[in-house]
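Engineer: Pasting a structure here, questions to come.
The values are calculated or read from the model by the stated rules, or taken from the named source; none is laboratory data. Keep in mind that this is a model prediction, so the values were computed, not measured. Glycine also receives a Cβ, built like all others from the backbone with ideal geometry; neighbour counts cover every protein chain displayed. Remember, those area values only see protein heavy atoms, side chains included, never the ligands or the DNA or RNA. Shrake-Rupley method; radii C 1.70, N 1.55, O 1.52, S 1.80 Å.
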There are 2 protein chains.
Amino acid sequence: MDVIVVGGGVIGAAIAWRAARAGERVTLIDPGGDDPRTDDKASLVAAGMLGPVSESVFGEQDLLDLNLHAIERFPSFNAELEEATGHTTGLRTEGTLAVAYDSGDLAALDRLTDFRHGIGLQAERLSARECRKLEPFLAPNAMGGVFAKGDLSVDNRRYLAALRAAAAAAGVQRVTGIVTAVDEGQVAVAAPGESGTGPAADSAAGGPARVLTAHRIVIAAGHATRQLAGVPDAVRTAIRPVKGQILRLRHPGSIPPVLTHTVRAIVQGHDLYLVPRADGELVVGATQEERDDRDVMAGAVHDLLRDAQIAVPAVSELVFAEANAGLRPGTSDNGPILGPVTGTGGAAGGDGSLIIAAGHFRNGIMLSAITADAVTAILGGQAPHPAWGPFQPGRFRVPDRPPAAGVSLGGTASPGEATL
Amino acid sequence: MDVIVVGGGVIGAAIAWRAARAGERVTLIDPGGDDPRTDDKASLVAAGMLGPVSESVFGEQDLLDLNLHAIERFPSFNAELEEATGHTTGLRTEGTLAVAYDSGDLAALDRLTDFRHGIGLQAERLSARECRKLEPFLAPNAMGGVFAKGDLSVDNRRYLAALRAAAAAAGVQRVTGIVTAVDEGQVAVAAPGESGTGPAADSAAGGPARVLTAHRIVIAAGHATRQLAGVPDAVRTAIRPVKGQILRLRHPGSIPPVLTHTVRAIVQGHDLYLVPRADGELVVGATQEERDDRDVMAGAVHDLLRDAQIAVPAVSELVFAEANAGLRPGTSDNGPILGPVTGTGGAAGGDGSLIIAAGHFRNGIMLSAITADAVTAILGGQAPHPAWGPFQPGRFRVPDRPPAAGVSLGGTASPGEATL
């Protein structure tokens, strides 16, 4: 069966690989490019932390169940990926050390530890001295911490490169272009540069967009899904971009690795993480802002460096390699969106041929393996893992719009959608 | 007459242009490239401030006289350059505002003001309120300042590009390569990549370096001059690299220019400058370290951003565009080196055919115009401006070397120099 996957980040590339491996004829459409300075892919800017608990919020049981399913599946998926490609993705299993710098932080870490224990995850309370034994370069004012042995991290860029290589090896055809609109079994594709970031007027105006067809279309376009004509309004309006700014530092030859575990800390009220890579890189992140620009701001770079130096003073001796900003696909309930959709107004997906796999927010890499499994199952006529149950697109409704001045209440009209 | 200029930064390019314009047949040899991340040119990393006093040290009268000659000449040279090329170099004449944040700084500024007045330069003492009238985004704790009306700034990269264009238009032939050694009327050139940063063993070993000949050879290789075989030891050992790290910020569309004048300040003991560009860039600099690597360090980026935000808090709202490091050519007496040399050991310049124009330290751009004038004069058999008198290469002597352990005092043997 012909499948088009829209979006070549970790979600789209993972789906394309696994679907092709399951026997589908897959075309992956992506604007292309690997440069985090110019290419709009949250995958390129991520830190690659895989922690099922620290990224989720207490009480979001459905999301926690999904994350636990994800972290359980990730290592075998990654092993298959490395096996299939010969690539190394830089999976690290040393675990995460959460560090507290005052008694309030320490109390919060204790609550997190109890929570982890309650759901059967490992977590070990460490004294300040034990923390420094694990990480000798920690600032001397660290008061204590919690060591989460099961948390993983992966090199996001190596992982994405491996997924692409696996997809190519499995026969996925890659098309470089910007999808401007989708409809039943069709997508309109403009060449990069012809269209802006939004759905182009070209297609409606009969412009240069070409049309590709397939039996099933999978939308894995991250935050840009909200701008894609033909995706139901309820899904589009549920997705929002959340800007994240992140630094990549490098060890000069003369300096030994300043960290061997992922370190998390709350510094001056900011949640900070430092993720070491096998190749000597140290990722420092991340800001979280409700904005949709990808500018790296002087203030954000300053704050990240200041906080990182407070947590691990030797960070000042590292080389400043990169500062980047990306847009994560947040959703209105912070959960991902996965499953077939029925289009509103008959514009798209009336027969369930349109599948959404988007809104992975800060957990795209961790969720990529089980997202690929789930979409491959759906394409093969099977049910995805039950942990996905609460994350179907149907849970969203088009929000009521505030009435225009002088107009009576009641109308929730959708905006006109471009058709092919 | 045939002239080879070694080095294509602002000094080399300015010399090449003016010498060609004066009728010489000029070849400019440079490793090439314009990317400050990879190309080793102090010109690319500079801020482009042209201030005859603030960069010099009290009491260095010879250097002050040279700087005054330089700042007087620069505008007409720049006008000729813009006229010859049609380029705009971004010369700004708004002046420099030095700001004090405590009474000690204020007293230092008063001394500087007296000094400027004593040598006939403009300088106006301003109250805090007057400072903020000139620059409304200054931090509220600024105590006062001094406005130096005559100081200039220029966009270093536009200026370099214009010099290159002018040189090309005047018939200068450009050779991309790394000069590994010089001798009477000859230079050995390796292709970029064949040689490291130092003088290659290739030439001594009869490797792939090719030899170019000319009647006169001008060495304008900045800090790399110290590594050039055939340059007299006394000159080589007088030059040292001084690392500088600098930031380039950009105004997002929504923000008006945060500064219209160059602003200097001492913040937490660090000398800071902020140089606005007509195209919306704001240059923040610079560190000064006795190191010879070009790594941008996390600690330096942090400190520059912190100090800039202390001086002008709105800096946090600017886009972080670039962080770069360059190596300025310092000298043992902080003065530039200009004039013909007589080689030691007969290796080079025995007939005065070798001319040095290097060691311009932090004032390369300001001094570039008068350096080009001086070298062109020397090539034409005339005397350079008398302000250059104290800056001839002959003022340096090979330093005594510490004796090796167990060896008696007395020997100050030069190391063997590579010959072609």
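Engineer: I need the shape label for the protein assembly as shown. Rule: rounded when a/c is under 1.5, else prolate if a/b > b/c, else oblate, with a, b, c from the alpha carbon gyration tensor.
Structural biologist: Working: a/c = 1.93, a/b = 1.88, b/c = 1.03.
Judged from the Cα gyration tensor, the protein assembly as shown comes out prolate (a/c at least 1.5, a/b above b/c).
Engineer: Oh, and also: So how tilted is helix A:156-169 from the main axis of chain A? Cα-based, degrees 0 to 90, rounded to 10.
Structural biologist: 40
Engineer: Reachable aspartates and glutamates from residue A:243, Cα under 12 Å, same-chain residues fewer than 8 places away excluded?
Structural biologist: A:40, A:289, A:290, A:292, A:293, A:295
Engineer: Only counting protein heavy atoms at a 1.4 Å probe, give the residues of segment B:313-335, ordered by number, whose accessible area falls by 10 Å² or more when the other protein chains are present relative to the chain alone.
Structural biologist: B:316, B:317, B:318, B:319, B:320
Engineer: Could you give me the radius of gyration and the Dmax of segment B:60-197, taking only the C-alpha atoms into account and expressing both in angstrom?
Structural biologist: Calculated on Cα positions, Rg and Dmax stand at 21.4, 61 Å.
Engineer: List the residues of segment A:279-312 for which accessible area in the full set of protein chains is at least 50 Å² lower than for the chain on its own; 1.4 Å probe, protein heavy atoms only.
Structural biologist: A:297, A:298, A:302
Engineer: For chain B, what is the relative contact order in percent, using Cα pairs closer than 8 Å and at least 6 residues apart in sequence? Could the numbers behind the result be given before it?
Structural biologist: Working: 935 pairs, mean separation 95.3, N = 420.
Relative contact order of chain B: 23 percent.
Engineer: With N set to the number of residues, divide the alpha-carbon radius of gyration of chain A by 2.2 N^0.38 Å and report two decimals. Numbers along the way, then the final one.
Structural biologist: On the way: Rg = 21.9 Å, N = 420, 2.2 N^0.38 = 21.8 Å.
Here the Cα radius of gyration is 1.00 times the empirical estimate.
Engineer: I want to verify a result. In a Gaussian network model of chain A, Cα cutoff 10 Å, which of these has the top mean-square fluctuation: A:214, A:42, A:286?
Structural biologist: Ranking A:214, A:42, A:286 by mean-square fluctuation puts A:214 first.
Engineer: Another question, if that's okay. To the nearest 500 deg cm²/dmol, what mean residue ellipticity at 222 nm is calculated for chain A from DSSP H runs of n ≥ 4 alone, each contributing -39,500 (n - 2.57), summed and divided by the residues? It would help to have the intermediate numbers written out before the result.
Structural biologist: Working: 10 runs with 118 residues, N = 420.
Using -39500 (n - 2.57) per qualifying helix, the result is -8500 deg cm²/dmol.
Engineer: Using only Cα atoms, tell me the angle between helix B:61-85 and the longest principal axis of chain B; keep it within 0 to 90° and round to the nearest 10.
Structural biologist: 90
Engineer: Using the Cβ atoms and a cut-off under 14 Å, what net charge is assigned to the surroundings of residue A:17, where Lys and Arg are +1 and Asp and Glu are -1? Intermediate values should be presented prior to the final figure.
Structural biologist: Numbers: positive: A:18, A:21, A:25, A:164, A:174; negative: A:24, A:30, A:80, A:82, A:83, A:373.
Surrounding charge for residue A:17 is -1.
Engineer: Also, quick follow-up: Which residue, A:342, B:28, A:387, has the largest displacement toward the positive end of the dipole of the protein assembly as shown when charges sit on each Cβ (Lys, Arg +1; Asp, Glu -1)?
Structural biologist: About the Cα centre, the residue reaching furthest to the positive side is B:28.
Engineer: Quick one: check the C-alpha center-to-center distance for segment A:6-58 versus segment B:232-255, whole angstrom.
Structural biologist: Using only Cα atoms, the two centres lie 39 Å from each other.
Engineer: Once the dipole of segment A:48-147 is set up with Lys and Arg at +1 and Asp and Glu at -1 on Cβ about the Cα centre, which of A:97, A:126, A:70 lies farthest towards its positive end?
Structural biologist: A:126
Engineer: Determine the total buried accessible area between chain B and chain A, counting protein heavy atoms only with a 1.4 Å probe; round to the nearest 100 Å².
Structural biologist: Values: alone 17090 and 17070 Å², together 32650 Å².
Chains B and A together bury roughly 1500 Å² of accessible area.
Engineer: Once you've got the GNM for chain A with C-alpha springs shorter than 10 Å, pick whichever of A:392, A:61, A:186 has the biggest mean-square fluctuation.
Structural biologist: Of A:392, A:61, A:186, the Gaussian network model singles out A:61 as fluctuating most.
Engineer: With a sphere of radius 10 Å drawn around the Cβ of residue B:283, what net charge do the other residues whose Cβ falls strictly inside it have (Lys, Arg +1; Asp, Glu -1)? If you can, show how the numbers build up before the last one.
Structural biologist: On the way: positive: B:248, B:277; negative: B:155, B:281, B:322.
Taking every Cβ under 10 Å from that of residue B:283, the sum is -1.
Engineer: Considering only the label points, 7 Å along Cα→Cβ from Cα, what distances in nm to one decimal separate residue A:114 from the same position in each other copy, shortest first?
Structural biologist: In ascending order, 6.8 nm.
Engineer: Whole-Å semi-axes of segment B:219-323's equivalent ellipsoid, largest first, each the root of 5 times a Cα gyration tensor eigenvalue?
Structural biologist: On the way: eigenvalues 215, 43, 28 Å².
That gives 33, 15, 12 Å for the three semi-axes.
Engineer: Let me ask something else about it. Computing the accessible area with a 1.4 Å probe over protein heavy atoms, can you report the carbon and sulfur percentage for the protein assembly as shown?
Structural biologist: Exposed carbon and sulfur together represent 52 percent of the surface.
Engineer: Something else now. Could you report the protein assembly as shown's accessible area per residue, 1.4 Å probe, as an integer in Å²? Write out the running numbers ahead of the final one.
Structural biologist: Details: 32650 Å² over 840 residues.
Result: 39 Å² per residue.
Engineer: Can you list, bin by bin at 5 Å, the percent of alpha carbon pairs in segment B:1-58, starting at 0?
Structural biologist: The calculated distribution, bin by bin, is 4, 17, 20, 17, 15, 14, 9, 3, 0.
Engineer: Going 7 Å from Cα along the Cα-Cβ axis for the label, what nanometre distances separate residue B:383 from the same residue across the other copies?
Structural biologist: Its label point is 10.0 nm from the equivalent points in the other copies.
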